[in-house]
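Heads up: the structure comes next, in structure tokens.
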Amino acid sequence: MRILLITLTLALPALLLGCNASPVQRPRCYPVRGQVLLASGLPLTGGRVEFYQKDSEGGEPVASGEIEKDGTFVVGTYAANDGASPGTYVVTVLPVSYKTGNPKQAVAANLVPKMFTEPETSRLIAVVKEQENVLPPFILR
């Protein structure tokens, strides 16, 4: 009886909150894919791209994608490869991968010029439209 009372006491607030909470409407995402090239024209063979909404007030999720051996990437926002919502983004390129869940050095850090690793200094811009998006290559020069 005591266990039942404790269980009800703990569960009741959660149930009430669940009943009154309205579902959060996520913006629709559209497929986004691209490629990262070094200044030499060769593909960056690993790392991660991150898409930050330009001119936003913050709070929006960052879309990201792992860079494959051929330099290609596919972006995801809420789930792997689900795309990004329409808008203009500042894109960063990181020499690390999160494929295992934790950051791991994917390529030598000196392959990615520092300016491309921060949204405040990156000159890489992507426009995501309400369609499948195949971006022109990002060239790190």
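All of the numbers you see were taken from the coordinates with simple rules; none came from a lab. If you're wondering where the values come from, they're calculated on a predicted model, not measured in any experiment. Ideal geometry is used to build each Cβ from the backbone, glycine not excepted, and the neighbour counts take in all protein chains shown.
Which residues in the stretch 109-127 place their backbone N less than 17 Å from a point set 7 Å from the Cα of residue 88 along the Cα-to-Cβ direction? Only 119-127 fall inside the zone, counting backbone N under 17 Å. Restricting the calculation to Cα atoms, every distinct pair contributes to the Kirkwood radius of the stretch 41-141, found to be 13.8 Å.
Label-to-label distance for residue 120 and residue 60 is 2.0 nm, based on points extended 7 Å past Cα in the beta-carbon direction. With both labels modelled 7 Å from their Cα along Cα-to-Cβ, the residue 78 to residue 108 distance reads 4.2 nm. Placing a pseudo-label 7 Å from each Cα along the Cα-to-Cβ vector at residue 39 and residue 98 gives an inter-label distance of 2.9 nm.
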